[in-house]
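Notes for the one structure printed next.
The values are calculated or read from the model by the stated rules, or taken from the named source; none is laboratory data. Please read these numbers as outputs of a predicted model, since none were measured by experiment. Here the Cβ positions follow ideal geometry from the backbone for every residue, glycine too, while neighbour counts run over all protein chains shown. Accessible surface areas use protein heavy atoms only, side chains included; no ligands, DNA or RNA. Shrake-Rupley method; radii C 1.70, N 1.55, O 1.52, S 1.80 Å.
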Amino acid sequence: MVAISRPLKVYFLPFLAQGHLIPSCQFARLFAAHGLHVTIITTSVNAPFLESSIEESKALGHHIQLHIIRFPSEEVGLPVGIENFFNVTDAQTADKFYVAAGLLKNQVEPFMEQNPPDCICA
């Protein structure tokens, strides 16, 4: 067995809904409290739900950060700002939201290829 001489790098990629974002952030903070380097990947509209928790962990010296990606609203015909499932009000918007969520891979994959993690929690 080979010993790793650096902290493990873990990426969290929660689904874009408060019921996923907030618990994922709490798990991420727990991982960071145990010495792992943690990055939560999210969008600009969802980041404010997590920022105060992230800042609390950073103040304790934990290695945790947000990586912001652009939600592809325009590509699927969603109004700007609809980046959280909480804001979805009908089936047509839900369909567009899921398509846009799938398109996030076009930003997430290159980021992970350039900065490979040891673990992904999705």
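Structure values in brief
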| item | result |
| --- | --- |
| Whole-Hz couplings from phi, Karplus 6.51/-1.76/1.60, listed for segment 8-13; x for Gly and Pro | 5, 9, 10, 10, 9, 10 |
| CD proxy at 222 nm, helix term only [per DSSP H run n ≥ 4: -39500 (n - 2.57); per residue of the chain; nearest 500] | -13500 deg cm²/dmol |
| Mean Cα-pair separation over length for the chain, i.e. relative contact order, pairs under 8 Å, 6 or more apart, % | 30 |
| Dipole magnitude of segment 25-101 about its Cα centre (Cβ charges: Lys, Arg +1; Asp, Glu -1), debye to nearest 20 | 260 |
| Sulfur and carbon atoms: percent of accessible area, the chain [1.4 Å] | 60 |
| Solvent exposure of the chain as accessible area per residue, Å², 1.4 Å probe | 58 |
| Residue-wise HN-Hα coupling along segment 77-89, computed from phi with Karplus coefficients 6.51, -1.76, 1.60 (Hz; x: Gly, Pro) | x, 8, x, 4, x, 7, 10, 9, 4, 4, 8, 7, 10 |
| FRET efficiency for Gln114 and Phe49, using Cβ-Cβ distance with R0 set to 25 Å, rounded to 0.05 | 0.45 |
| Sequence-distant lysines (8 or more away, or on other chains) whose Cα lies within less than 17 Å of Lys105 | Lys96 |
| Degrees, to the nearest 10: 105-114 long Cα axis against longest axis of the chain | 20 |
| Reach of Lys9 by Cα under 14 Å, taken over aspartates and glutamates that are not fewer than 8 positions away in the same chain | Glu113, Asp118 |
| Structure-derived P(r) over Cα pairs in 10 Å bins from 0, in percent - corresponding label in [x] 12, 33, 37, 17, 1; [y] 13, 42, 31, 12, 2, 0; [z] 14, 46, 31, 9, 0 | [y] |
| Stokes-Einstein D for segment 53-122, Kirkwood Rh over Cα pairs, 10 °C, 1.306 mPa s (µm²/s) | 112 |
| Segment 9-27-segment 104-122 distance, computed between alpha-carbon centres (Å) | 15 |
